[in-house]
Amino acid sequence: MTTQNLENLTMQGPICPLPHHHTETVVIGHGSGGKMTQDLIHHSFFSRLGNAYLAEANDAARIILPKGSEQVAISTDSHVVSPIFFPGGDIGRLAVCGTVNDVAMLGAQPKYLTAGFILEEGFPIASLDAIIDSMAEACQEASVQIVAGDTKVVEKNSVDQIFINTAGFGVIQKDRKIGGQFAQPGDAVLISGTLGDHGIAVMEARGDLGFESQIQSDVAPLNHMIEDLLNAVPEVHVLRDPTRGGLATSLNEIACQSKVSIVIEEDTIPVKPNVQTACEMLGFDPLYLANEGKVIVICPAHFAEKAINSLHASPYGIQAMRIGEIFADNPGRVLLKTQYGSTRILDMLANEILPRIC
Amino acid sequence: MCLGIPGKIISIYEEQSTKMAKVDFGGVTREVCIEVIPEAKPGDWTIIHAGFALNILDEAEALETLEILSEMAAFTEEEG
Amino acid sequence: MSSKDFLKGFRDAKLVKRVAGEIRHRVSQPWSIMEICGGQTHAIMQYGLDQLLPEEIELIHGPGCPVCVTPLELIDQALWIASQPNVILTSFGDMLRVPGSTSDLFSVRAAGGQIRVVYSPLDSVKIAKDNPQQEVVFFAIGFETTAPANAMAVVQAQKLGLENFSILPANVLVPPAMHTILSSPNNRIQGFLAAGHVCAVMGYWEYPTIAEKYQTPIVVTGFEPLDLLQGILSTVEMLEDGRVGVENAYPRVVGFEGNRAAQGLINQVFKPVDRKWRGIGVIPESGLGLRNVYQDFDATERFQTGEIRTQESEICIAGEVLQGLKKPADCPAFGTLCTPNSPLGAPMVSSEGACAAYYRYGRKNQ
């Protein structure tokens with residue numbers, strides 16, 4: 001090449017190609033553990049969830065337990081709900097509330113959560129940000145902190161957009177003994193509110209069945225309501241949140257654990273009219289639909305009224321109702337008494353809930 | 001074979017030259033094909049099965065049935 | 001009225017109990033009554049209405065569950081089609097768990113087959129329109145109630161000029177089944193509750209002949225607790241009075257002629273064909289097939305499914321249960337080998353199949 005030819009070249013700026021700054025979608029590099037991961041964590045996670053524990057930026061969080069913390073409750077849950085945004089909530093809120101509630105069902109005060117994310121490459125970062133905002137809001141409401149986390153990115157179609165695992169940790173007061181195995185004959189069965197809202201809201205959001213309603217998921221953190229309840233009625237025997245499988249499945253589990261039978265009265269069970277309508281349209285039974293903001297309370301009958309009043313004082317327990325009773329005979333059986341005086345067995349959910357034409 | 005529930009017609013329109021309606025089942029709405037009840041109008045109650053209207057529900061007939069039953073039953077109670 | 005208040009009365013506990021009382025008052029001897037519709041079976045079990053009836057009334061659950069009676073050959077065909085590449089099989093939710101000879105739609109989906117649940121046959125047409133590169137097949141089951149909707153799907157597909165849509169015709173008809181049941185030498189049915197929504201479409205002008213031929217009273221019956229008890233009461237009254245005829249206990253929905261426009265639509269698209277009923281056998285002219293002009297939409301023509309060899313469980317007595325000859329509890333496998341989780345036959349799968357209904361609701365005395 002001669003000097004003459006070089007003079008005719010025009011330079012149009014730096015020719016060293018800079019890598020793209022990935023700000024719109026998640027890419028594999030975000031899961032590599034290097035700078036891109038750090039950037040994502042700081043931009044999306046820390047800015048929204050920031051607390052002293054996360055700020056230490058170690059591989060694990062160091063927790064100092066208060067005196068008297070001999071009993072702790074630990075729980076974990078993976079969240080894969082589709083669609084990830086639905087009326088009344090999203091996968092982030094669900095991830096926080098689900099685990100907060102699981103810990104609270106043991107009568108524990110949830111304090112710390114961990115959160116592991118598996119992201120599909122191509123997942124919009126704006127969606128991720130919205131989900132984490134939602135988690136931050138839920139944590140704030142529940143007075144818990146996410147103290148440790150993990151992020152992985154996988155190839156397209158390896159996961160459905162985003163999966164979240166949360167683990168929860170809480171301290172159980174010394175004298176509390178609450179669990180599915182403690183129901184006693186003569187106990188009253190209470191439910192904190194309407195059934196089936198979450199199940200129908202998610203189904204509607206999926207869009208396959210083509211119906212529209214104003215039904216919202218009930219996803220909510222119940223720990224404060226439960227703490228108030230346990231302060232008012234320390235004699236509560238069982239707490240259970242009727243999530244997948246619905247009220248019927250949870251009652252069956254309790255009946256087996258406690259070796260008792262449970263009889264509930266159909267006309268006391270609260271179901272929103274539009275949820276009832278959606279169920280009738282599609283052939284579903286609201287007793288088998290998922291709830292994410294409800295709790296079954298089983299306590300001695302003479303405390304039932306006090307318990308109901310305590311629940312009514314919380315925004316999440318306004319429609320609490322007494323729905324049934326525990327019996328000694330026929331252990332493991334759950335029965336439903338209809339408004340006509342007839343009785344039928346309420347089994348566990350056998351398999352997937354499907355709409356029917358018959 | 002027959003999960004059919006009552007719904008009230010809110011509005012009527014055409015889609016792909018098929019007669020359709022927006023139906024309110026009681027807080028839940030859905031689009032429904034009303035091709036076989038061409039005389040239907042907004043405000044009518046229908047029985048819907050699998051997104052398809054089968055017939056117009058006769059409100060007067062329904063009320064009459066209930067009235068007869070109430071009277072019959074009360075009479076029976078007095079008798080027995 | 002803007003709300004459904006005028007319909008709530010059909011669930012009113014006081015009225016229900018009073019009609020039940022009236023039935024008790026009228027009955028003087030045992031009677032066996034069949035309800036032919038699976039939806040009615042489901043409602044009876046769900047509300048525990050059989051517990052409100054006097055002992056003398058025996059309710060026999062008929063083969064009115066299209067999920068239960070769809071022949072194994074058709075199910076195996078559906079499974080084969082769903083397993084083909086580039087095919088989306090659409091179906092009502094009821095069918096997903098029904099066992100074929102070796103598999104079911106759930107398993108096919110787990111193996112990668114595209115199967116979508118639809119609430120309405122018209123949704124299948126939408127799916128075909130939205131996926132022009134894929135073949136969309138709709139599993140068209142149901143009785144006469146569903147036939148107009150299934151017909152409409154074909155008509156719409158034709159209007160849209162869709163070349164990737166077809167149906168697997170599997171509709172069945174009620175009156176031929178009634179003939180088969182009532183003419184069986186072991187028949188012990190004395191009264192019949194006709195299927196309310198089938199009659200909403202077809203009317204009940206076909207039934208006086210049947211009632212007369214078999215000297216069996218028939219009452220068109222609805223699905224709410226009050227409707228069912230009224231249907232039973234009317235049947236009992238006719239039996240006690242020794243009357244044979246057809247009465248309509250669902251007048252708010254059903255008229256004698258039925259819906260002419262709906263019948264016209266069915267006739268436009270379908271014609272009666274012989275059909276095998278699972279567990280019962282071939283009943284002549286008891287099914288619906290596509291008319292020649294709509295042959296292009298017939299999935300059995302479009303897909304060469306080859307020879308289907310079917311195999312039923314040897315233990316399953318579904319056929320006898322469906323005809324009302326045996327009760328689910330009479331089956332040696334009931335509740336043990338055969339449960340909703342691991343069904344041997346169709347009546348345990350469908351939520352209103354007699355076996356499933358009995359399992360879910362009726363086992364409290366065991």
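Tabulated data for the structure shown
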| read-out | value |
| --- | --- |
| Degrees between helix C:147-160 axis and first principal axis of chain C (Cα, 0 to 90, nearest 10) | 20 degrees |
| Helical contribution to [θ] at 222 nm, DSSP H n ≥ 4, -39,500 (n - 2.57), averaged over chain C, rounded to 500 | -11000 deg cm²/dmol |
| Rounded if a/c under 1.5, otherwise prolate or oblate - segment A:180-345, Cα gyration tensor axes | oblate |
| Order of C:D123, C:D130 under a 10 Å beta carbon neighbour criterion, fewest first | C:D130, C:D123 |
| Residue-wise HN-Hα coupling along segment C:329-343, computed from phi with Karplus coefficients 6.51, -1.76, 1.60 (Hz; x: Gly, Pro) | 5, 6, 7, x, 8, 4, x, 10, 6, 10, 9, x, 6, 9, x |
| Cα gyration tensor shape of segment A:12-127, rounded if a/c is under 1.5, else prolate or oblate by comparing a/b with b/c | oblate |
| Folded to 0 to 90 degrees: helix C:121-130 orientation relative to chain C principal axis, Cα | 20 degrees |
| Local electrostatic count, A:I28, Cβ distance below 12 Å [Lys/Arg +1, Asp/Glu -1] | -1 |
| Crossing angle, helix C:38-47 versus chain C [Cα axis fit, 0-90 degrees, rounded to tens] | 50 degrees |
| Relative intensity, log₁₀ I(q)/I(0), of the protein assembly as shown from a Debye sum that treats every alpha carbon as a point, q = 0.06, 0.09, 0.10 Å⁻¹ | -0.44, -0.93, -1.11 |
| Over segment C:90-218: Rg over Rh, Cα atoms, Kirkwood Rh | 1.09 |
| Under 5 Å, built H, 5+ apart or other chain: amide partners of A:G89 | A:S217 |
| Isotropically averaged projected area of segment A:192-275, using the convex hull of Cα atoms (one quarter of hull area), nm² | 7.0 nm² |
| Rounded, prolate or oblate (a/c below 1.5 giving rounded, otherwise prolate when a/b exceeds b/c) for segment C:199-255 by Cα gyration tensor | oblate |
| Reachable lysines, given that their alpha-carbon falls under 24 Å from the alpha-carbon of A:K67 and they are not under 8 places away in the same chain | A:K111, A:K174, A:K177 |
| Among C:R278, C:R260, C:R97, residue whose mean-square fluctuation peaks in a GNM of chain C (springs only between Cα atoms under 10 Å) | C:R260 |
| Translational diffusion coefficient (Stokes-Einstein; Kirkwood radius from C-alpha pairs) of segment A:263-310 at 4 °C, 1.567 mPa s, in µm²/s | 100 µm²/s |
| Span from the segment A:272-320 Cα centroid across to the segment A:116-186 one, whole angstrom | 23 Å |
| DSSP beta bridge pairing in the protein assembly as shown, given as percent antiparallel to the nearest 5 | 60 percent |
| Amide hydrogen neighbours beyond the local backbone of A:F327, cut-off 5 Å, H modeled | A:G186, A:S261, A:I262, A:V263 |
| Lysines whose Cα lies under 21 Å from that of A:K35, excluding same-chain neighbours fewer than 8 positions away | A:K152 |
| Cut-off under 5 Å, modelled amide H: who pairs with A:E292 long-range | A:H198, A:D218, A:V219 |
| Relative compactness, chain C, computed as alpha-carbon Rg over 2.2 N^0.38 Å | 1.00 |
| Loop-located GluC sites (Glu not before Pro) in segment C:210-315 whose Cβ has at most 13 other Cβ within 10 Å (DSSP) | C:E257, C:E307, C:E314 |
| Footprinting exposure proxy for C:V219, C:V155 (fewest neighbouring C-beta atoms within 10 Å first) | C:V155, C:V219 |
| Summed residue charge, Cβ within 15 Å of C:P284's Cβ, Lys/Arg positive, Asp/Glu negative | +1 |
| Residues B:K22, B:K41 arranged by fewest to most Cβ contacts within 10 Å | B:K41, B:K22 |
| Taking chain A and dividing mean pair separation by its residue count, relative contact order in percent (alpha carbons under 8 Å, at least six apart) | 20 percent |
| Under Karplus coefficients 6.51, -1.76 and 1.60, residue-wise ³J(HN,Hα) of segment A:254-268 in Hz, glycine/proline x | 5, 4, 6, 4, 8, 6, 9, 10, 10, 10, 10, 9, 4, 7, 9 |
| Normalised contact order of segment A:28-168, rounded percent, pairs of Cα under 8 Å and 6 or more residues apart | 37 percent |
| Candidate lysines for bridging to A:K337, where Cα separation is under 29 Å - those fewer than 8 sequence places away on the same chain excluded | A:K259, A:K272, A:K294, A:K306, C:K4, C:K8, C:K14, C:K17, C:K326, C:K327, C:K364 |
| Cys residues of chain C counted as unpaired, since no other Cys beta-carbon is under 4.7 Å | C:C37, C:C199, C:C316, C:C331, C:C338, C:C355 |
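Throughout, read-outs are computed from the coordinates displayed, never taken from laboratory work. Note that this is a predicted model, so its numbers are computed, not measured. As a convention, Cβ positions derive from the backbone with ideal geometry for all residues, glycine included, and neighbour counts pool all protein chains shown.
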